Amino acid sequence: MAQIDTLDLIVLIGLLVGTVAYFTKGTYWAVPKDPYAAASGALNGAKAGKTRNIVEKLDENEKNCVIFYGSQTGTAEDYASRLAKEGSQRFGLKTMVADLEEYDLDLLDTFPEDKIAFFVLATYGEGEPTDNAVEFYQFITGEDVTFASGATTDDKPLSKLKYVTFGLGNNTYEHYNAMVRQVDAALTKLGAKRIGSAGEGDDGAGTMEEDFLAWKEPMWTELAAELGLEEREAQYEPVFSITEQEDLTPEDTAVYLGEPNLNHLEHAGKGPYSAHNPYIAPIAESRELFTVKDRNCLHMEVDISGSGLHYQTGDHIAVWPTNAGVEVDRFLKVFGLDSKRDTVIKIKGLDVTAKVPFPTPTTYDAAVRYYMEICAPVSRQFVSTLAAFAPDEKTKAEMVRLGNDKDYFHDKISSQCFNIAQALENLSTTPFTAVPFSCLIEGINRIQPRYYSISSSSLVQKEKISITAVVESVRIPGATHLVKGVTTNYLLALKQKQHGEPNPDPHGLTYAITGPRNKYDGIHVPVHVRHSNFKLPSDPSKPVIMIGPGTGVAPFRGFVQERAAIAARGDAIGPTVLFFGCRKSTEDFLYKDEWKAYEQQLGENFKLFTAFSREGAEKVYVQHRLRENAAYINKLLEQKAYFYVCGDAAHMAREVNTVLGQIIAEQRGLTPEKGEEIVKHMRSSGTYQEDITMTPVVAPPEIKKDPIYDPGKYVPPAGKLNLPLRTRPKGAEGTNGARHHPNTDFASLARDTMYNAPIMVGGMNPNGHFSQRQVTPPGPSMAGMPVPPTVYYPGFVGGAPITPVNFPSMPWGAQGSGLSHTPASSWSFEEKNPLSDYSGVSNGYHSYGSVMDQRNPMGPYPMLQGIQLQQPCLQYQMMKTPNGYIVQDLELLTQQDPPIPRAIPAMWTNQSDLTLAKCLENREGITNVYIRGFPPETTDEMLHAYASRFGEIDRCKAIVDLDTGLCKGFAFVQFYNFESCENCIRGFYYLGYQASFAQKSRNSRLKDLEDKNSTNIYCTNVPIEWSEADLRRHFEPYRVVSEKISRDEKTGVSKEVGFARFESREIAERVIEEFHNVAGKDGHKLLLRFADTKAQKILKQQSNERRAYRAGEYNYSVEVVQGSTPSPATSRTLGNEHVSPLSFQSPVGIGPAWTPATTISPSIPVKNAGVRRALNGVHPFGARPSTNGENASATSRARVVAAAPSALPEKSAVISPSKPAVTVSIATPQTPTKKAPALRKSSSVSPAASRKKVEKFSPKSAAA
């Protein structure tokens, strides 16, 4: 037998490889194609390697207008598209729509002034940005914004940017439209110029569409004037081309028949699964929890085993719905497409920046059934757009009227909750065949997943997710048909199919249950998981109180399941209390038997309180049961219980919030306002959590709202009132001797108007932060308007309280019913010297009650045109001081015993740089005050004595130096309410302190900036000899996607740190849990955490620099060389020398009467006691101060400096008189020439036993 030598073998192997390559086209070793790349491109018009620089993108495509959007459900994106289209068609703008997360907004400072940017921003949940706007929001609203060019806030880097804003919000949430307000304030702060008013749409009032329409017309007018645009007659110009593909049929594998993306078209839908790539999950179990004549309630178990999906108790599951067959048929019939439903169409953007909203090619039927939100209520603007394509003139005239008359549109369309096909079907029996399909794609959103609270515990059933949902089929008052839920009826059809019904038709609806190409056969449904912050406390021994009526009980079923499992394994759990409500105990009592089982298992640790609204003569709701058990609830809250609410936001959740505040106030003997403040504090601290939904609202025509928002003006959050804004010129001259009303901002309510919702009056500061108070209950007219107690609103210059009053007069300028706002003019008693814009003129108008904001810098207010006020508008008057306006009562408070000493000015921070308005900014909504400028002898007890005069203190802490035991100059005070905080800030600010609301802690802000989807782990303590392969092996059996060890660029030596990236977030979390500080198979312990994001790195760098910069201001052992900026810091380490007020230069605006702290108490414990002895007898300024009444000049101030490095004491060292002494030299104020050392940690100074004990406070929510 012939031998095969090596060469022959090589040749044979080569031939074999070539043959395989030829027939497989390289399938087995080619670089795998991204399964989502093509789909992503089809969905958003993205191209490989596309730029993230928006200016480059605009220039590349010759655009001059970009409309950014932050959208969670697609509505904001739809509005952005509509604005782009309208700007192009009416004004000739070259527009493009942009997703915020696709661009680096730190390049926004290069935005040219001949272009315009729109920001259409939805607020998600409790004042949060939408998922695609998180990074932009965190960057633009950050404390220290730094652009890619290095420009910072002080540089006004956006001075060339012109922008327009519109926000989408819901007034039932506490932080109504917070996103647009905060972004608008941030852009303004950075120097950008807003065109028009910042619009706000209110989904809670059901007026979102009308708000948008009312805002955009005046906005276009102002924008046209600003940019010199000429309006032209708008004609429809398609954004997309629609090509019918005669060479393709629905059977072709390249045609999408409802598949979400290319991954599902070409494959079986491989993971990882997300909001862009759903998992086709089998339904393991389904049943109805109850069935009555008008409602069904489903319980479903979705199997996620083997999918790689993970969830945590409290998360949400998203269900991707399918439109009902009857609605698909109606839509195709109305637009004359019924006979073409199976025709394949290819959709392409006519502009490279246009995004095709769903995969293509597809069919008309698939587009309407799987991709388009055809069942949503139709908008007035869309009806107006389609009027040009009406089948006859009569129908066209009717559609034009509907588009122009919002009341008529409400009567005919909105009140019926018609979708687009239903609306047109009722206008004409003739099909609308002239409507281009591109117009329908542009005017109808892509169908969105529906989210449901998961009703199971991941600890109990990791592989199955429970859903609890009421099937919606309701009759809207006045409507002629039932409004049926798209997704819940789809789920009910799946349940019916699973239980053997051959032709499921819930409420007369049919669905394509088997999905595109039968890929959902076997009872499957597309889902993905969305993580939530609605979580049980990490400590299971903490009590929890859960309020969940109806299907709001869903997440609490999971919570109780989890606690029962924890108890079953032998761990202690705290009291678990559930308030559940429904109609009748015999009708819709969800999970009734399960609750009984948990009562037996958990005993006293589980309590169920039920409220049945239709069993007795009176309706009983969960909030009633909550009040009945007030003492028990308060007891649990005092034990640090967590409080949870799930359900309807508009009514139940709001009332529960109110009742809880009342319970706290009544049980603890506090004022109602104090109870409210405690509830707010619970919210901000995370011990009060909500998972609430908004019931759709149809706004009747009499509920109107002008959505215009302007910082510093009143805006009612309820969104049910008309706000005509009238402007009066600033700086108008008053008439000497005339009766002027001292008020500036007025809000008036007509006596003869009926209101069907709570009327709220709010104050907003220049940065857009909002406060509100109800001034009348629903129902009664303003003739019976109650007079609540004084309401204090933060943010206004002067900070005056607002007292609603009820007297027969109305401010100047308002002539109609509804709420009217009038910004008034400036005036003074000297005609040629307008004082400020805090005052105005009022004329009588006798059929109105008024809510007045009283700000009177000139003394007592006069009468209103001879009409005596029935109640005083203000409890205390305002006076002007060199430091601005201060309440007289506050000045007296600062002089109470013990008097608060004047501030010692900071070393490098000019007091004039911190305005009072800036100090009063409270973006985070906290009640913790940061104060800087204290003398070194300040203790916790002294701080409490100083601050408690402004309001009741929760806790306080003076920050001390570890080496000296002396106060480092700053402190924190936590009050119970905002009014006390503001009074404290004003009082200390008046005395020269830098006082402001505390910021979130550095760690808290770092956590906010964390990328929750990151899979990249940062590794430290890596052995210096390790290679990347060693790092990879360390984490076996987990697969590392990529790894890197950081090395010195010159030597190549390891820096002993590295990075490892894993396949999913869940795997990365497990790796950290299993390997962090745990010896691996190789015996080495690595320290692991998730790698920092870019924003986290910037924050760390900035905070470290800030700490180093400030360290020397209040660090008593810092060496300061001659020629550096003078600081009073070293004088604080002196002995008992008296420091004359004449020795210091007064802070800006204080005047010669300023007096710093005079002595250092000898009783204060000091580690370096020898410092006092070494300096004994040495006056801090080298000479006795002048006594002629004049302040010593700045140049005559002296600094105590070290004679040599050896003279500097080590930590905790005692300096004896025999050691090198310090010398005195003169220093002239200059820019600092030496970087200050890092700030040291502080420790508490033990108070003397005879002094009142004050709770120690480590400011976890504050950053110095």
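The values are calculated or read from the model by the stated rules, or taken from the named source; none is laboratory data. What you are looking at is a predicted structure, and each value in this text was computed from that prediction instead of being measured. Cβ atoms come from the backbone with ideal geometry, glycine included; neighbour counts cover every protein chain shown.
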Could you give me the residue pairs with C-beta distances under 6 Å whose first residue belongs to the range 111-124 and is on the phi < 0 side of the Ramachandran plot, whose second residue is assigned to a strand (DSSP E or B) and hydrophobic (A, V, I, L, M, F, W, C) wherever it lies, and which are 6+ apart or on separate chains? Ile116/Cys65; Ala117/Val66; Phe118/Ile67; Phe118/Val164; Phe119/Phe68; Val120/Phe166; Ala122/Leu168
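Do we find that Thr313 is closer than 30 Å to Glu246 by Cβ, in contact (Cβ under 8 Å) with a residue 12 or more places away in the chain and polar (S, T, N, Q) in this structure?
Details: closer than 30 Å to Glu246 by Cβ: no; in contact (Cβ under 8 Å) with a residue 12 or more places away in the chain: yes; polar (S, T, N, Q): yes.
Against the criterion (closer than 30 Å to Glu246 by Cβ, in contact (Cβ under 8 Å) with a residue 12 or more places away in the chain and polar (S, T, N, Q)), Thr313 does not qualify.
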Consider the range 603-651. How many of its residues are aromatic (Phe, Trp, Tyr), closer than 23 Å to Ser685 by Cα and in contact (Cβ under 8 Å) with a residue 60 or more places away in the chain? 3
Selection from the range 610-643 of residues buried (at least 19 other Cβ atoms within 10 Å of the Cβ), under 34 Å from the mean Cα position of the chain (by Cα) and of a type in the set (Phe, Trp, Tyr) yields Tyr642, Phe643
Of the numbered conditions (1) within 14 Å of Cys439 (Cα to Cα); (2) under 30 Å from the mean Cα position of the chain (by Cα); (3) of a type in the set (Gly, Ala, Ser), Ala376 satisfies every one except a single condition; which is it? (1)
Reported set for the range 1061-1077 where residues are touching a residue at least 12 places away in the same chain (Cβ under 8 Å) and either in contact with a Ser or Thr (Cβ under 8 Å, 6 or more places away or on another chain) or in a helix (DSSP H, G or I) (or both) is Arg1061, Phe1062, Glu1063, Ser1064, Arg1065, Glu1066, Ile1067, Ala1068, Arg1070, Val1071, Ile1072, Phe1075
Right, Thr514: more than 30 Å from Ala565 (Cβ to Cβ) and of a type in the set (Val, Ile, Thr) or not? yes
Kindly list the number of the only condition in (1) touching a Cys at 6+ places or on another chain (Cβ under 7 Å); (2) of a type outside the set (A, V, I, L, M); (3) surrounded by 23 or more Cβ atoms within 10 Å (Cβ to Cβ) that fails for Tyr236. (3)
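Say we look at the range 462-495 and pick out the residues that are without any contact (Cβ under 8 Å) to a residue 24 or more places away in the chain and part of a loop (DSSP other than H, G, I, E, B); which of these is surrounded by the most Cβ atoms within 10 Å (Cβ to Cβ)?
My answer is Gly485.
I'm trying to understand the selection: among the residues of the range 461-485, which are farther than 15 Å from Asp315 by Cβ and of a type in the set (A, V, I, L, M)?
Taking the range 461-485 as the starting set, the residues that turn out to be farther than 15 Å from Asp315 by Cβ are 469-485.
Ala469, Val470, Val471, Val474, Ile476, Ala479, Leu482, Val483 - these are the residues of the range 461-485 that are farther than 15 Å from Asp315 by Cβ and of a type in the set (A, V, I, L, M).
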List the number of the failed condition for Phe978; all other conditions in (1) within 15 Å of Ile900 (Cβ to Cβ); (2) touching a residue at least 60 places away in the same chain (Cβ under 8 Å); (3) among the aromatic types (Phe, Trp, Tyr) hold. (1)
For Gly951, work out the one condition from (1) at pLDDT 85 or above; (2) under 25 Å from Ile664 (Cβ atoms); (3) buried (at least 24 other Cβ atoms within 10 Å of the Cβ) it doesn't fulfil. (3)
Of all residues in the range 1033-1060, count the ones that are under 37 Å from the mean Cα position of the chain (by Cα), β-branched (Val, Ile, Thr) and not in a strand (DSSP E or B). 0
List the residue pairs whose Cβ atoms are under 6 Å apart, where the first residue sits in the range 950-961 and is on the phi > 0 side of the Ramachandran plot, the second is among the hydrophobic types (A, V, I, L, M, F, W, C) and in a strand (DSSP E or B), and the two are 6 or more positions apart or on different chains. Gly951/Phe975
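Taking the options Thr514, Thr468, name whichever one is within 23 Å of Val527 (Cα to Cα) and modelled with pLDDT of 95 or more.
On the way: Thr514 fails: modelled with pLDDT of 95 or more.
It is Thr468.
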Scanning the range 155-202 for residues that are out of contact with any helix residue (DSSP H, G or I) (no Cβ under 8 Å at 6 or more places or on another chain) and either of a type in the set (Ser, Thr, Tyr) or not assigned by TED's automatic domain parsing to the domain that holds Thr123 (or both), which turns out surrounded by the fewest Cβ atoms within 10 Å (Cβ to Cβ)? Ser159
I'm trying to understand the selection: among the residues of the range 105-139, which are surrounded by fewer than 17 Cβ atoms within 10 Å (Cβ to Cβ), within 28 Å of Leu350 (Cβ to Cβ) and among the charged types (D, E, K, R)? Asp114
Return the residues of the range 939-953 that are more than 11 Å from Ala971 (Cα to Cα), of a type in the set (Ser, Thr, Tyr) and over 33 Å from the mean Cα position of the chain (by Cα); say none if nothing qualifies. Tyr946
Kindly provide the set of residues from the range 384-424 that are surrounded by 17 or more Cβ atoms within 10 Å (Cβ to Cβ) and in a loop (DSSP other than H, G, I, E, B), ordered by number. Ala390, Pro391, Ile413, Cys417, Phe418
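Give, as residue ranges, the strands (runs of 3 or more DSSP E) completely inside the range 276-377 that count at least 2 residues that are touching a Cys at 6+ places or on another chain (Cβ under 8 Å). I'd like the intermediate steps shown before the answer.
Numbers: elements: 279-292, 295-303, 316-319, 344-349.
The strands (runs of 3 or more DSSP E) meeting that bar are 279-292.
Could you check the range 49-127 for strands (runs of 3 or more DSSP E) lying wholly inside it with 1 or more residues that are of a type in the set (Val, Ile, Thr) and touching a Lys or Arg at 6+ places or on another chain (Cβ under 6 Å)? Let's see the steps before the verdict.
Working: elements: 65-70, 95-99, 116-124.
Hits in the range 49-127: 116-124.
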